[in-house]
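The values are calculated or read from the model by the stated rules, or taken from the named source; none is laboratory data. Since this is a predicted model, take the numbers as computed values, not measurements. Virtual Cβ from ideal backbone geometry, glycine too; neighbours counted across all protein chains shown. Remember, those area values only see protein heavy atoms, side chains included, never the ligands or the DNA or RNA. Shrake-Rupley method; radii C 1.70, N 1.55, O 1.52, S 1.80 Å.
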Amino acid sequence: MTRASRVRTLLGLAAASAAVVALAACSSAAPEASAGASAAGDDFGLVKAGTLTVATEGTYRPFSFHEDGSGDLVGYDVEVAEAVADKLGLEIEFQETQWDAIFAGLDAGRFDVVANQVSINPEREEQYLFSAPYTVSSGVIVVNQGDSSISSFDDLAGKTTAQSLTSNWYELATESGADVEAVEGWAQAVALLQQGRVDATINDELTYLDFVNTNGQSGIEVAATTDDSSLSALTFTKDKADLVTAVDAALEELRAEGVLAELGEKYFGADVSE
């Protein structure tokens, strides 16, 4: 189950001075950027030289959103993309794009990469390249604290869960034998759970972690977790293999330095990168 323009330029005075000196000397040499990328990214076929152009929704909290609705573009995916661009020695420009149009824009060459919790699946792998995953998430059964009657998906048989009818969690609930109370989304499902009108709800672990990180435990807890995990990654067209290689090296550095873990703690209260 899965789901945009501002430019952030981070140029220090020292870097600017070095660029002026280099131009004046007509030198073709450039400092090697972190993760093996050229300083301007000229080898990557970027939409705009020296800039990583990133598509994201801008309305998908906590991954990509505007604080208070009108503030700066922030979020887990936004900060991951910014950290990657910094590692590559590139400026970054976000293009806020509705989910329904995001892949068409990528195919048309309007941007270099999508950073919007794109899940890796076989169908997408046939058409796109993916970076190493930067988000790993399982499905979870959420119940009221202290409810010991549900500890596995088999225990959902005969229970009532609150689910959106268009989600894959609805399918999992019915396959587990649950009766489903239709809801529009997570907020309504949690409200019904807290009111005792349903026994449980199934959703993505990241959704649960974001809720708890924002609202506190609120009397709910995870009763069981799916065996399979969903992997989300930065997404590129097939002609961006060199860029993907450089991005993967940048992500590995960010993982080793603890940056990905810190961003996970900031937005979810937990490291969600592995």
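Each residue in the range 168-211 was checked for being open to solvent by less than 40 Å² (accessible area, probe 1.4 Å) and among the acidic types (Asp, Glu), and 2 of them qualify. Of all the listed residues (GLY36, GLY45), the sole one being on the phi > 0 side of the Ramachandran plot and at pLDDT below 55 is GLY36. Of all residue pairs spaced 6 or more apart or on separate chains, those with beta-carbon atoms under 7 Å, a first member in the range 112-131 that is at positive phi and a second member that is among the hydrophobic types (A, V, I, L, M, F, W, C) are GLN117/PHE63. Return the residue satisfying two criteria in turn: it lies in the range 136-168 and is hydroxyl-bearing (Ser, Thr, Tyr) and under 25 Å from the mean Cα position of the chain (by Cα), and of such residues it is nearest to LEU192 (Cα to Cα). Of everything passing the filter in the range 136-168, SER164 is nearest to LEU192 (Cα to Cα). The combined condition, being aliphatic (A, V, I, L, M) and part of a loop (DSSP other than H, G, I, E, B), is fulfilled by ALA132. Taken over the range 254-274, the criterion of being farther than 16 Å from TYR208 by Cβ and open to solvent by less than 60 Å² (accessible area, probe 1.4 Å) is satisfied by LEU254, GLY258, VAL259, LEU260, ALA261, LEU263, SER273. Screening the range 175-198 for residues that are β-branched (Val, Ile, Thr) and not in a loop (DSSP other than H, G, I, E, B) and picking the one that is nearest to LYS159 (Cα to Cα) gives VAL180. Only one of (1) at pLDDT 95 or above; (2) in contact with a Pro (Cβ under 9 Å, 6 or more places away or on another chain) fails for ALA18. Which number is that? For ALA18, the exception is condition (1).
Before we move on, is GLN117 among the polar types (S, T, N, Q) and surrounded by fewer than 16 Cβ atoms within 10 Å (Cβ to Cβ)? Criteria not met by GLN117. When LEU165 is tested against (1) farther than 25 Å from TYR76 by Cβ; (2) surrounded by fewer than 19 Cβ atoms within 10 Å (Cβ to Cβ); (3) at pLDDT 95 or above, exactly one condition is not met: (3).
Within the range 51-82, restricting attention to residues that are in a loop (DSSP other than H, G, I, E, B) and of a type in the set (Asp, Glu), which residue is most open to solvent (accessible area, probe 1.4 Å)? Give the steps one after another, and end with the answer.
Kept after step one, since they are in a loop (DSSP other than H, G, I, E, B), are these residues of the range 51-82: 57-58, 61-63, 70-72, 75.
If we keep only those that are of a type in the set (Asp, Glu) too, we end up with 57, 72.
On the way: GLU57: 33, ASP72: 105 Å².
It comes out as ASP72.
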